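Colleague: Sharing a structure here in structure tokens format.
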Amino acid sequence: MATEKRSGQHRRRGIYLLPNLFTTGALFAGFYAMTSAINGHFETAVVAIFAAMILDGLDGRVARLTNTQSEFGVQYDSLSDMVSFGLAPAIVMYIWTLSGMGRAGMFAAFVHTAGGALRLARFNTQVGTADKRYFQGLPSPAAAAILAGFIWFGLEHGYDVQVVKYFALVLTICSGLLMVSNFRYSSFKEIDFKGKVPFIVAIAVMLGISFIMAQPQTTLFFLALAYAISGPVVTLVMRKRRLQERKP
């Protein structure tokens, strides 16, 4: 009986392999982005960050589909997000252009990194109480997409880093501050992907994917930027509606 009990305890201490493989892949992609930037391969670095986003989106869905959710997976995913979306974009941006700005560049990179850490810590403490329809603060993958998309956009159009460095400085600081803000961002969880939609929606989705594949450098950056701007807009609209409801 003691042997069986110890065997059961050993099984419970194990981890689920499949979802954690995706998390490990996202973690490696973030690590690979930093090493690529150190070696001067910035386009490879930003592609690795976007690859981390795809893998990060898959690990949770795979865990739910296979019923392999665990507290270990939640914590491991947060640590992976911190590296891939908090640290990696800041380091890549710093090496690409902010390093030439001295302490100001270092400060901007740290603001993004610290914002990612605080955003993830707050998210983990509010999992059971937060409104599932919205995120409080800009999600860290979206913040990483802004920086990675801007670098990719600049590389594609051959912009001189000395010309865009001040915009990059402001963009990096703003991405970090938006992550710890109280602005509400749609989580898109209310969308029913299993339900039926009109045929025109399928055509629109197909055209959207084709456009992203044709111009990923431009499309991904402006989509991430539009999502970042949507937070303040949605929050202000909701506050205005509440004020109007209170007036009568």
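We did not get these values from a lab; they are worked out from the coordinates using the rules stated. Keep in mind that this is a model prediction, so the values were computed, not measured. For neighbour counting, all protein chains shown are included, and Cβ atoms are generated from backbone atoms with ideal geometry for every residue, glycine included.
Colleague: Under 26 Å between alpha carbons: how many lysine pairs meet that in the chain, if sequence neighbours fewer than 8 apart on the same chain are excluded? Kindly include the intermediate steps, with their values, before the conclusion.
Modeller: Values: Lys132/Lys189; Lys132/Lys194; Lys132/Lys196; Lys132/Lys240; Lys189/Lys240.
Summing the qualifying lysine pairs gives 5.
Colleague: Quick one: which residues, 5 or more positions from Phe135 or on another chain, have an amide H under 5 Å from its amide H? H modelled 1.01 Å from N in the peptide plane, none for Pro or chain starts.
Modeller: Tyr185, Ser186, Ser187
Colleague: Read phi for every residue in segment 46-56 and hand back ³J(HN,Hα) as whole Hz from Karplus 6.51 cos²θ - 1.76 cosθ + 1.60, θ = phi - 60°, with x for Gly and Pro.
Modeller: 6, 4, 5, 5, 5, 5, 4, 5, 5, 5, 5
Colleague: Which value, in debye to the nearest 20, describes the size of the charge dipole of the chain about its Cα centre when Lys and Arg Cβ atoms bear +1, Asp and Glu Cβ atoms bear -1, and nothing else is charged? Don't skip to the answer; put the middle values down first.
Modeller: Values: 23 positive and 13 negative charges, 240 e Å.
Roughly 1160 debye for the chain.
Colleague: Given an 8 Å cut-off on Cα distances and at least 6 residues of separation, report the relative contact order of the chain as a percent. Please report the intermediate quantities before stating the final value.
Modeller: On the way: 298 pairs, mean separation 48.6, N = 248.
Contact order relative to length: 20 percent.
Colleague: What's the ranking of 138-151, 227-240, 72-85 by average number of surrounding C-beta atoms within 10 Å, highest first?
Modeller: Working: 138-151: 26.6, 227-240: 14.5, 72-85: 19.9.
Sorting 138-151, 227-240, 72-85 by mean packing, highest first, produces 138-151, 72-85, 227-240.
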